[in-house]
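Below you'll find the structure, written out as structure tokens, and then a few comments.
Each reported figure results from applying straightforward, stated rules to the coordinates on display, with no laboratory input. Note that the structure is predicted; figures quoted are calculated from it, not measured. For neighbour counting, all protein chains shown are included, and Cβ atoms are generated from backbone atoms with ideal geometry for every residue, glycine included.
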Amino acid sequence: MFRSHWCGFAWRHFRYARPTSLLLIAASAAIGALVRRWLSGFSNNPLIQPLCAAFVAGVVAAAASRVQLSVATTLVAFCPCMVLVPGPHILNGAIDFARTRIALGIARLSYAGVIVLLICAGGLFGFTAVGANLAIAGPSPPVPLVIDVIAAGCAVASFGTFFSMPWRLLALPIAVGMVAHAARWALISLAGGSAPAGALVACMLVSVLATPIVDRLHLPFAAVAFSAVVSLMPGFFLFNAATGLAELVAIGPSAPAGLLTSIAASGATAFLIIIAMTFGLVLPRMLLERVLPAPA
């Protein structure tokens, strides 16, 4: 059912989106960033910022939908929220569990879960405030290899900049991330693999390629590896599940069975992708630490 991931969803709408849609996405993300900066001067609470930024994204998308400014309402709503998803916290928490640091893993995953919940709530509140409804997005067709690889490189560069990575180091995660996305594209589009399987292969490739390089250059593995694969975080599926749950509450007992199936499928896919990314990053790293000589 889910043959492609967020890039496929974006590409499907991008082909039919007018320039207005792209301007709305950029404006919504910029306004959300300014709101977060402004709020940081008034409160040290890190939870209020993603809530308000997602609320702005929901309001902009809902307003565009009501006045018919955009034909890609779901894309306008989701795109500004994607960067807010705490991918490193989710992956670090899962890695803590793999290394039996249970207490730290629970703390990180709980914190990440609260942020994801607030992002979903903010976006849905924004739609409700304007009086619009956000429909569940359907599956997307396969993405051309060139588009997927270029989009992956842009995403890695954006996330690396967002995480304050030095500019001179960005080339490494960009190159590794583009190679990993090409391998993922081949598995999904040519071999008919699933999104979790593609994430597993991509993350294993990133871990194998990045480990000897970061050890030799004395770079933090998390900064390079996470930047290369953080765009694989299943934010699209998380938002889809949250949207379905909100619709389920609104409809009540008369909700169709297809809605329940969509919620379960989105939630399960998101969970499996996170697990696949964790194993893909952690296992090769731990094995190579035992095989490769210690860096001088």
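Tell me, rounded to the nearest percent, the portion of alpha carbon pairs in the range 148-291 spaced more than 25 Å apart.
It works out to 35 percent of all Cα pairs.
Mind giving me the FRET efficiency for residue 34 and residue 168? R0 is 22 Å, r the Cβ-Cβ distance, nearest 0.05 is fine.
Numbers: r = 28 Å, r/R0 = 1.27.
Calculated value: 0.20.
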Among 186, 94, 199, the residue whose Cα sits farthest towards the positive end of the charge dipole of the range 85-241, when +1 is placed on the Cβ of each Lys and Arg and -1 on the Cβ of each Asp and Glu, is 94
Within the chain, which whole H helices from DSSP have a Cα span along their axis of at least 18 Å and a mean Kyte-Doolittle hydropathy of 1.0 or more, if any? 19-40, 48-66, 102-130, 145-162, 171-185, 195-217, 235-251, 257-291
When each pair of different Cα atoms in the chain is counted once in the 1/r mean, what is the Kirkwood radius in angstroms, to one decimal? 19.7
Towards the positive end of the charge dipole of the chain, with charges on Cβ (+1 Lys, Arg; -1 Asp, Glu), say which of 57, 116, 29 has the farthest Cα. 29
